[in-house]
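Chemist: Below are the C-alpha cells for one structure; questions will follow.
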Amino acid sequence: MLGAALVARFVSWVGGRITRRIDETYQQSDALVRSEVTKHRHSVAQVITWVVITFVYIIATLKVFDYLALPIGSLVAPATVLGAALGFGAQRIVQDILAGFFIITERQYGFGDTVQISVTGASADAVGTVEDVTLRVTKLRNAAGEVITVPNGQINKAVNLSKDWARAVVDVPIPVTADIAEVNDILHEVGVAAFEDEKLNELLLDEPTVMGVESLEVDQVSVRMVARTLPGKQFQVGRELRVRVALALRRRGMTVNPQLDTSTPIHGIEAVQ
C-alpha cells in the first residue's frame, strides 16, 4: 500500500512536470494563443496521469488480496451479485469514461479552450476556460473565478469558442432616422484603423468588415460589424471595437438609439469553429 502511494505520487509529479514544461514552452514562445497541438498534448498528459494512477491502485488492491490469501476466484459470485446491484450506478461512470475518451481522441476541446457546455438537466449552459480534462470529468473556470465540474457523460453539446479561429460580432443600434450609408462609412473607417493598429493587428486575422443592416425594428436599425480573430481573442477585440465605434459615432454627432431598453443587450459576440 505504501509502494502504491509512492508510485502514485511519483506519477502525479511526473505528469505535473510534463504539463508545466508544456506551459513554459508556450509562455516563452512568441505565440499569442496556444496551438491546437499544445492544448491536445496538455490534455493527453492529464488523462494519461489519471489512468496510470487508477491502474496503480487497482494493482495494489489485487496485491493486498493476494497477500491476505483471499481467493479471488471465490469472490466471483458475490462480486456478480454486487455488480448487479451497483450496475445502474456504475453505468454512469462507464458512460463518463467513454465520453471522455471520445472528447480527447476527437480533440473536441483541450486545456485552455473557452467552451460553452450544455449539461443534461441544467437550465443554463456552463461557460468557462478548460482547466482540467480527464476521462471522467471536465473542469471549467468561469469569468467569476468559479470552478465548474461537469461529468463527461452528461454533456449534450460542447461549443468550442477558441478552435482554430473566432469571430467578434458587434451590433450597433442606431435610430431609424440616421443615414445608413454614413454609418457604414464610419464603421468601415473604424475597421481600417483597427487593422492598422499594431496592438489589434496581432489579434486580427483580416480587416474587420461591415455586414450592413442586420435587423430593422420600429425605433432602431442594427448595423453589424464582424472581425475574424485569433482563437479566444474575440472578446478582447469586440470590446476594443465597441470603444472605437462609440468614439467615432460621437465625433460625427451620432449616438445609439436613446429609446433602446437598457435591459436589452445591444452587442453580441459569437465564435465559430
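Read-outs: derived from the displayed coordinates by stated rules, not from any lab. Remember, predicted model here, so these are calculated numbers, not experimental data. Virtual Cβ from ideal backbone geometry, glycine too; neighbours counted across all protein chains shown.
Chemist: Mind giving me the nanometre distance, one decimal, between the label points for residue 101 and residue 184, set 7 Å out from Cα along Cα→Cβ?
Modeler: For the pair residue 101/residue 184, the computed spacing is 5.4 nm.
Chemist: Next question. At a 10 Å Cβ-Cβ cut-off, how would you order 162, 118, fewest neighbours first?
Modeler: In increasing order of surrounding Cβ atoms, one gets 118, 162.
Chemist: Still on this model: Given the pairs 39/139; 39/63; 63/139, which span a C-alpha to C-alpha distance of over 26 angstrom in this model?
Modeler: Violating the 26 Å limit, Cα to Cα: 39/63; 63/139.
Chemist: At 0.36 nm per residue, and after removing the present C-alpha to C-alpha distance, how many nm does the segment from residue 127 to residue 141 gain when stretched out fully?
Modeler: Full extension from residue 127 to residue 141 adds 4.2 nm.
Chemist: At most 16 other Cβ atoms within 10 Å and a DSSP loop assignment: could you name the GluC sites (Glu not before Pro) in the range 104-149 that fit?
Modeler: Sites meeting the loop and neighbour criteria: 106, 146.
Chemist: Label-point separation (nm) for residue 201 and residue 214, each offset 7 Å from Cα along Cα-to-Cβ?
Modeler: 2.7 nm
Chemist: Using the count of nearby Cβ atoms within 10 Å as a rough guide to exposure, how do 245, 192 rank from fewest to most?
Modeler: Arranged by neighbour count, lowest to highest, 245, 192 become 192, 245.
Chemist: Also, quick follow-up: By how many nm would the segment from residue 63 to residue 116 lengthen if fully extended, with 0.36 nm per residue of separation less the alpha-carbon distance? Show your work: numbers first, answer last.
Modeler: Details: separation 53, 0.36 × 53 = 19.08 nm, distance 4.31 nm.
Here the answer is 14.8 nm.
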